[in-house]
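Visitor: Before anything else, here's the structure in question.
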Amino acid sequence: MIKLLSLVLALATPAHAEVLLDEIRTNLDDAKVKVEAARKQINELEENDGKLKKNIAEVEGALGKKLKEQTQAKETFTDYNGKIAGTSSAKKDFERSLVKDRQELELVVRDIQTVERKLVALKASKKALEESIEISEDNLGKMNDRSGSWQKNRDHLQGELTALDKDIQDLEKQKETQEKTRLANQQALNSWKKTLSTQEATYQKLETRYKQAVRDEEKRQKEKGR
């Protein structure tokens, strides 16, 4: 700024007037280039900010969808656990009943061998117990099949939950990265806006002094011509 003022004051010397005017114009052109560069940089940063906003919105949408899927999957997973637990309890009851029936059958067979008078009743009891065992075994087999199916579904769902957790973590990291990038972009944008303001002020001052120097030189030339 002091150098520029010295150049303008030096215009009072005719021998240096033309050289100083050229130097002022050079400074003015340089300031104009800096202003244009600052404006270009701000435009690019503003466009980049818009893109980052869009990216963050898309990531948030995907994250919300994955969180909803995770909630539904966890509810289903809990339901399967409840069914498996209930089946396990019922299975134990059938197993205990089966063991008891088999033990009673053994006693009945021994009684048949030792007590002929009770043969008819014992045979009937044997038949009933055998049918009960058959039913118990059939029910136990069905329970095992159903429990295996639920176990398979639960294991599959566990894999899906693991994948959902990973997807959610990845999306959260993407969102964090986009937000950090946007913050850096906004900081750069603010910095360039300040730079533009300074460059524009400098350019206006240079332009004003250049015009004043030209007017002074023209006035001097007129006075010289008289």
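Visitor: Just the number, please: Stokes-Einstein D of region 25-221 in µm²/s, Kirkwood Rh from C-alpha pairs, 20 °C, 1.002 mPa s.
Guide: 84 µm²/s
Visitor: Between ALA184 and VAL33, take the C-beta separation as r, use R0 = 25 Å, and let me know the FRET efficiency to the nearest 0.05.
Guide: That gives a FRET efficiency of 0.45.
Visitor: Hey, another quick one. Using 0.36 nm per residue, how much length does the chain from LYS54 to LYS127 gain when fully extended, once their Cα-Cα distance is taken away?
Guide: This chain segment gains 18.6 nm when fully extended.
Visitor: Turning to a different aspect of this structure: So, R0 is 35 Å and r is the distance between the beta-carbons of GLU223 and GLU23; what FRET efficiency does that work out to, to 0.05?
Guide: After rounding, the FRET efficiency stands at 0.90.
Visitor: Give the calculated FRET efficiency between LYS100 and ARG146 to the nearest 0.05, with a Förster radius of 22 Å applied to their Cβ-Cβ distance.
Guide: That gives a FRET efficiency of 0.45.
Visitor: May I pose another question? Which of the pairs LYS92/LYS127; LYS51/LYS194; LYS53/LYS193; LYS142/LYS166 have their Cα atoms more than 29 Å apart in this structure?
Guide: Over 29 Å apart, Cα to Cα: LYS142/LYS166.
Visitor: Tell me the net charge near ASP138. Cut-off is 12 Å between Cβ atoms, ASP138 excluded, with +1 for each Lys or Arg and -1 for each Asp or Glu.
Guide: Cβ neighbours under 12 Å give a net charge of -3.
Visitor: Can you pull the Rg over Rh of region 118-188, Cα-only, Kirkwood?
Guide: The Rg/Rh ratio comes out at 1.70.
The numbers here are math on the coordinates, done by the rules we state, and not lab data. Here the structure is a predicted model, which means the values were calculated and not measured. Every residue, glycine among them, receives a Cβ derived from its backbone with ideal geometry; neighbour counts consider all protein chains shown.
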